[in-house]
Amino acid sequence: MEWVIAIGLFLIGLVLIVKGGDIFVDAATWLAERTGIPKLIIGATVVSVATTLPEMLVSFFAAEAGKVDMATGNAIGSVTANTGLILGIALICMPSVINRREYWLKSLLMLLAAGVLVLFAFSGSIGAVPNVILIVIFIVFLADNIFQAKTAMMEKENTIYKLSAYQKSTKAVRNAKRVTVRTAEVLYVENVLPTDKKQRRREMFVNVLKFIGGAVFLAVGSRLLVDNGSKLALFIGVPERIIAVTIIAVGTSLPELVTTLTAIKKKQSALSAGNIIGANIIDLSLILPISSLISGKALPVSAQFASVDMPVCLLIALIALIPMLITKKFSRWQGVVMVVLYVVYLIITTIVIG
């Protein structure tokens with residue numbers, strides 16, 4: 001009977017994480033869009049941080065409880081799932097041409113973070129030196145996004161200023177709502193910013209509530225996932241690492257999957273790819289150092305983690321990013337190879353090693 005309760009609570013945790021992530025992302029995206037930040041930057045910062053909260057909270061709670069294998073396995077397993085499964089599906093459904101200038105630094109930071117973990121994993125633990133390097137990578141990632149966001153906002157302000165000057169100098173156009181020039185800036189003025197103060201206050205209130213409610217759902221769901229994931233591992237008789245890199249990793253990656261499927265439906269490839277790359281950088285460069293800090297010591301690394309989990313994570317990332325940087329596009333064949341590799345990895349992890 002106890003294992004039935006554990007499964008039930010585990011599933012409730014997953015539902016709370018998915019729903020909480022969905023609500024949280026909606027609120028965070030709404031707030032970000034009010035600043036006029038481009039979709040790539042929204043995807044790589046606000047949405048990425050929001051959708052990585054499940055991984056963060058699960059790894060933090062696991063580290064706090066001394067479940068090191070679960071903390072590291074969830075973080076790296078989520079990156080592998082994000083790239084191999086979710087980005088792979090996105091590329092199969094929606095191959096796209098990209099602006100290399102927007103992607104090259106983020107791609108290199110993600111590969112560098114994965115490379116650092118592969119290198120130091122063979123030492124048996126992730127200690128102070130790799131943690132410092134990873135934190136620096138995260139700071140560079142954050143600084144780059146802030147710089148890009150400020151640049152984009154300045155460009156938008158200049159465009160809107162020029163548009164305003166044009167309106168004043170043209171007798172035929174007295175009201176911005178009647179401008180027929182279909183530019184993003186005009187749509188921004190007409191449709192994005194509500195003119196009614198009550199409507200703006202109401203929207204702000206609703207989205208703040210969604211932001212807080214989503215965060216609460218994520219926290220409660222993550223706690224249920226960690227506690228009952230450990231119980232399931234004990235009942236089934238498999239290591240916590242396998243539960244972490246499979247069920248929990250895929251479960252905590254569901255917000256990224258939901259975001260990606262929505263982006264595919266709306267044909268927003270930049271939002272999808274930006275979200276996944278940004279989420280992976282955060283998973284690799286922030287979660288493990290903070291988990292190490294919470295546990296109060298270097299995170300021990302198992303032989304399977306060093307020889308299987310991290311190399312596969314790096315390999316899938318290389319397949320996703322290097323051809324994209326060279327050809328300036330995401331291709332369908334990359335998605336097929338990535339999904340196949342991820343399935344093979346799951347089989348090896350759960351059947352051969354497990």
Among (1) at pLDDT 75 or above; (2) closer than 19 Å to Gly278 by Cα, there is one condition Lys39 misses while meeting the rest; what is its number?
(1)
Just checking, how many residues over the range 255-268 are surrounded by fewer than 22 Cβ atoms within 10 Å (Cβ to Cβ) and either polar (S, T, N, Q) or at pLDDT 85 or above (or both)?
2
I'm trying to understand the selection: among the residues of the range 49-98, which are closer than 17 Å to Val340 by Cα and polar (S, T, N, Q)?
Ser78, Thr80, Asn82, Thr83
Would you point out the residue of the range 271-295, among those that are farther than 18 Å from Leu109 by Cα and either hydrophobic (A, V, I, L, M, F, W, C) or surrounded by fewer than 20 Cβ atoms within 10 Å (Cβ to Cβ) (or both), that is modelled with the highest pLDDT?
Ile290
For the range 225-241, which residues satisfy the criterion of being surrounded by fewer than 21 Cβ atoms within 10 Å (Cβ to Cβ), in contact (Cβ under 8 Å) with a residue 60 or more places away in the chain and hydrophobic (A, V, I, L, M, F, W, C)?
Leu232, Phe235, Val238
Only residues that are touching a helix residue (DSSP H, G or I) at 6+ places or on another chain (Cβ under 7 Å) and not in a helix (DSSP H, G or I): list them for the range 311-354, please.
Lys328, Phe330, Ser331, Gly354
Give Ala75, Ala62 a once-over and let me know the one that is over 19 Å from the mean Cα position of the chain (by Cα) and small (Gly, Ala, Ser).
Ala62
With criteria (1) surrounded by 19 or more Cβ atoms within 10 Å (Cβ to Cβ); (2) closer than 21 Å to Thr72 by Cα, Pro311 comes up short on (1)
Specify the residue that is surrounded by the fewest Cβ atoms within 10 Å (Cβ to Cβ); the eligible residues are those in the range 98-156 that are more than 29 Å from Ser295 (Cα to Cα) and among the small types (Gly, Ala, Ser).
Ala152
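Here is a yes/no grid of residues against (1) over 30 Å from Trp3 (Cβ atoms); (2) at pLDDT 70 or above:
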| residue | (1), (2) |
| --- | --- |
| Gln167 | yes, no |
| Thr170 | yes, no |
| Val173 | yes, no |
| Pro194 | yes, no |
| Lys198 | yes, yes |
| Ile212 | yes, yes |
| Phe217 | no, yes |
| Asn228 | no, yes |
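What is the residue count in the range 80-97 for residues that are crowded, with 20+ Cβ neighbours inside 10 Å and of a type outside the set (A, V, I, L, M)?
Residues that pass the stated criteria total 5.
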Kindly indicate the residue of the range 323-332 that is surrounded by 13 or more Cβ atoms within 10 Å (Cβ to Cβ) and free of Cβ contacts under 8 Å to residues at least 24 places away in the same chain and also farthest from Arg100 (Cα to Cα) among those meeting that condition.
Pro323
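The values are calculated or read from the model by the stated rules, or taken from the named source; none is laboratory data. Just so it is clear, the structure is predicted and the values come from calculations on it, not from any experiment. All Cβ positions, glycine included, derive from the backbone under ideal geometry; neighbour counts span all protein chains shown.
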